[in-house]
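J.: Provided herewith is a single structure, encoded as structure tokens, for subsequent inquiry.
The values are calculated or read from the model by the stated rules, or taken from the named source; none is laboratory data. No experiment lies behind these values; they were computed from the predicted model shown. Ideal geometry is used to build each Cβ from the backbone, glycine not excepted, and the neighbour counts take in all protein chains shown.
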């Protein structure tokens, strides 16, 4: 059974599981497949940051707000 760590992001409320260590069978399998039970080795809380998915969404929203406020400027040749 492979070992995982569980991170609880307090800022956004999400939980994430990360692979910590492969088991013997997964290390020897070409696709690193493990057919055993999950074993959560460590649990910890992250207070300062959001999960990666929420951080990407926040960055996307901030970028769209900046581009939404831009006014297009067109130059017309010949004064029309």
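J.: For region 3-18, which residues satisfy the criterion of being loosely packed, with under 14 Cβ neighbours inside 10 Å and under 14 Å from residue 39 (Cα atoms)?
T.: 17, 18
J.: Search region 19-62 for residues being part of a helix (DSSP H, G or I) and more than 22 Å from the chain's Cα centre (by Cα), and hand back the single one that is surrounded by the fewest Cβ atoms within 10 Å (Cβ to Cβ). Please lay out each step first, then the result.
T.: Within region 19-62, the subset part of a helix (DSSP H, G or I) is 24-28, 52-62.
Still in the list and also more than 22 Å from the chain's Cα centre (by Cα): 24-28.
Values: 24: 11, 25: 14, 26: 17, 27: 11, 28: 9.
The extreme case among them is 28.
J.: Starting from region 8-34, keep only residues that are touching a residue at least 24 places away in the same chain (Cβ under 8 Å) and on the phi > 0 side of the Ramachandran plot, then list their pairs with residues that are part of a helix (DSSP H, G or I) and exposed (fewer than 12 other Cβ atoms within 10 Å of the Cβ) whose Cβ atoms are within a distance under 9 Å, requiring at least 6 positions of separation or different chains.
T.: Pairs found: none.
J.: Give just the number: which of (1) under 27 Å from residue 9 (Cα atoms); (2) modelled with pLDDT of 90 or more does residue 48 not satisfy?
T.: (2)
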